[in-house]
Ligand SMILES: NC(=O)c1ccc[n+]([C@@H]2O[C@H](COP(=O)([O-])OP(=O)(O)OC[C@H]3O[C@@H](n4cnc5c(N)ncnc54)[C@H](O)[C@@H]3O)[C@@H](O)[C@H]2O)c1
């Protein structure tokens with residue numbers, strides 16, 4: 001019976017609690033303590049009635065709960081680095097929500113500290129039925145040599161999304177990097193899934209050798225709400241391109257197209273369907289809760305010695321983190337979309353931002369791999385330059401909103 005602690009019980013934390021309860025029913029795990037500075041009174045009462053101890057500061061939980069085996073970190077992005085470091089130093093197994101950390105040097109430092117490979121990262125779509133089947137068929141050679149992976153998604157987000165939390169739409173807060181935005185938060189799955197599909201074996205992920213990217217904002221936020229990214233993987237020669245946004249009125253569920261020398265496959269409908277030109281596909285809608293439950297099953301199996309590794313190990317996220325860091329550098333910062341191309345709309349009594357031609361532009365990237373600035377779109381003013389990721393060992397995000405490596409400072413602020 002694995003004894004869990006949970007840091008952050010609101011938001012996605014409530015799904016983690018449900019997954020741990022499911023493990024408890026199966027006799028595999030038990031929640032013994034939580035850390036949460038802003039509890040809802042009814043949550044606190046309910047947990048305490050179950051004998052689950054409550055801390056307002058995660059450091060007290062780590063100090064006092066000497067019987068813990070594992071901790072789930074389901075807190076906002078700016079806390080991940082500090083909390084994951086503390087849990088690793090306590091020798092605990094860690095289930096860290098995605099995205100692991102914003103910056104490449106933070107990831108490298110955590111991977112170096114995690115010598116016993118005890119950290120799993122919760123990119124739950126990796127375990128979905130369609131994704132696993134697609135990867136199996138790629139590795140089996142069904143599609144021949146993989147040449148291109150294109151991906152895209154429009155997930156509209158209204159005011160409530162940006163107002164729900166003080167870290168939403170921010171690049172940095174109280175000195176902690178955040179890098180919030182579609183490619184680095186809600187649709188970070190898409191970037192990470194591409195790294196998975198390009199990996200050489202059924203469980204490997206790859207890291208691109210080079211990327212180019214463009215980042216834009218339609219909303220008046222510190223961070224970005226629209227991005228595209230293109231790159232190649234040095235070893236396999238696979239090329240990839242993707243585009244994501246929160247600034248359309250119309251949704252485009254995420255989709256990944258894989259093209260090989262012998263055939264193609266399409267993961268569609270936010271990963272729920274798989275089509276190919278080589279026979280029958282799959283239709284397996286799975287809820288976030290089901291995917292999280294599967295991720296916990298894999299986590300527990302690793303702890304019990306029944307499985308070799310997590311669905312996503314910490315080091316498997318190097319492709320995602322370095323590609324998104326490279327995207328910011330390549331883009332030369334975040335570019336404002338001119339107001340002339342933005343329409344406001346109202347839905348559920350909230351305002352949304354919709355950028356002209358953007359829905360079509362994301363579909364173009366899916367079809368032909370073109371970045372926004374190559375599609376003749378009037379607002380797409382970025383001039384991306386190639387960034388070699390082997391040389392990108394760190395990206396500093398300063399309080400004055402400058403992102404820089406030693407050689408290349410770029411201004412993030414408008
Ligand atoms: N896997 C997914 O599909 C998925 C979905 C949503 C969110 N997420 C990720 O989960 C993480 C949390 O996102 P969210 O939207 O639930 O955030 P949130 O802002 O709702 O915060 C989650 C909880 O953490 C608590 N918290 C804040 N600071 C804390 C601290 N110092 N110590 C302990 N608890 C603290 C908050 O009070 C809240 O209860 C992010 O990394 C996000 O990207 C993942």
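The values are calculated or read from the model by the stated rules, or taken from the named source; none is laboratory data. As the structure is a prediction and not an experimental result, all values here were calculated from the model. For neighbour counting, all protein chains shown are included, and Cβ atoms are generated from backbone atoms with ideal geometry for every residue, glycine included.
Could you please let me know if residue 77 is away from the ligand (no atom under 16 Å from the Cβ) and touching a residue at least 12 places away in the same chain (Cβ under 8 Å)? Walk me through how you get there before you give the answer.
On the way: away from the ligand (no atom under 16 Å from the Cβ): no; touching a residue at least 12 places away in the same chain (Cβ under 8 Å): yes.
For residue 77, the condition - away from the ligand (no atom under 16 Å from the Cβ) and touching a residue at least 12 places away in the same chain (Cβ under 8 Å) - is not met.
Applying the selection to the range 87-98, what residues are in contact with a helix residue (DSSP H, G or I) (Cβ under 6 Å, 6 or more places away or on another chain) and part of a helix (DSSP H, G or I)?
88, the sole residue that qualifies.
So which residues in the range 362-378 are crowded, with 18+ Cβ neighbours inside 10 Å, more than 22 Å from the chain's Cα centre (by Cα) and either modelled with pLDDT under 95 or under 19 Å from residue 336 (Cβ atoms) (or both), if there are any at all?
Listed by number, the residues that qualify are 373, 377.
What do you reckon, is residue 101 within 14 Å of the ligand (Cβ to nearest atom) and either at pLDDT below 95 or not in a loop (DSSP other than H, G, I, E, B) (or both)?
Answer is no for this residue.
Tell me, which residue of the range 1-19 that is in contact with a helix residue (DSSP H, G or I) (Cβ under 8 Å, 6 or more places away or on another chain) and more than 23 Å from residue 81 (Cα to Cα) is nearest to the ligand (Cβ to nearest atom)?
My answer is 19.
Out of (1) at pLDDT below 95; (2) over 30 Å from residue 235 (Cβ atoms); (3) surrounded by 14 or more Cβ atoms within 10 Å (Cβ to Cβ), the odd one out for residue 387 is which?
Checking residue 387 against (1) at pLDDT below 95; (2) over 30 Å from residue 235 (Cβ atoms); (3) surrounded by 14 or more Cβ atoms within 10 Å (Cβ to Cβ), the one that fails is (2).
Restricting attention to the range 55-70, report how many residues are within 11 Å of the ligand (Cβ to nearest atom) and either farther than 24 Å from residue 304 by Cα or in a strand (DSSP E or B) (or both).
6
Within the range 125-145, track down each residue that is more than 14 Å from residue 284 (Cβ to Cβ) and crowded, with 24+ Cβ neighbours inside 10 Å.
Answer for the range 125-145, where residues must be more than 14 Å from residue 284 (Cβ to Cβ) and crowded, with 24+ Cβ neighbours inside 10 Å: just 126.
In this structure, does residue 355 turn out to be within 18 Å of residue 223 (Cβ to Cβ) and modelled with pLDDT of 95 or more? I'd like the intermediate steps shown before the answer.
On the way: within 18 Å of residue 223 (Cβ to Cβ): yes; modelled with pLDDT of 95 or more: yes.
Here the answer is yes, as residue 355 does meet what is asked.
I'm checking my understanding of the structure. Among residues of the range 21-49 that are more than 15 Å from the ligand (Cβ to nearest atom) and in contact with a strand residue (DSSP E or B) (Cβ under 8 Å, 6 or more places away or on another chain), which one is modelled with the lowest pLDDT?
If we filter the range 21-49 for residues that are more than 15 Å from the ligand (Cβ to nearest atom), which is where we start, we get 21-30, 32, 45, 48-49.
Add one more test, that the residue is in contact with a strand residue (DSSP E or B) (Cβ under 8 Å, 6 or more places away or on another chain), and what stays is 21, 23-24, 28-30, 32, 48.
Working: 21: 97, 23: 98, 24: 97, 28: 97, 29: 97, 30: 97, 32: 97, 48: 88.
Restricting to residues being more than 15 Å from the ligand (Cβ to nearest atom) and in contact with a strand residue (DSSP E or B) (Cβ under 8 Å, 6 or more places away or on another chain), the top hit is 48.
State all residues of the range 337-348 that are at pLDDT 95 or above and either within 30 Å of residue 199 (Cβ to Cβ) or surrounded by fewer than 22 Cβ atoms within 10 Å (Cβ to Cβ) (or both); if no residue qualifies, say none. Working first, answer last.
Taking the range 337-348 as the starting set, the residues that turn out to be at pLDDT 95 or above are 337-347.
Listed by number, the residues that qualify are 338, 339, 340, 341, 342, 343, 344, 345, 346, 347.
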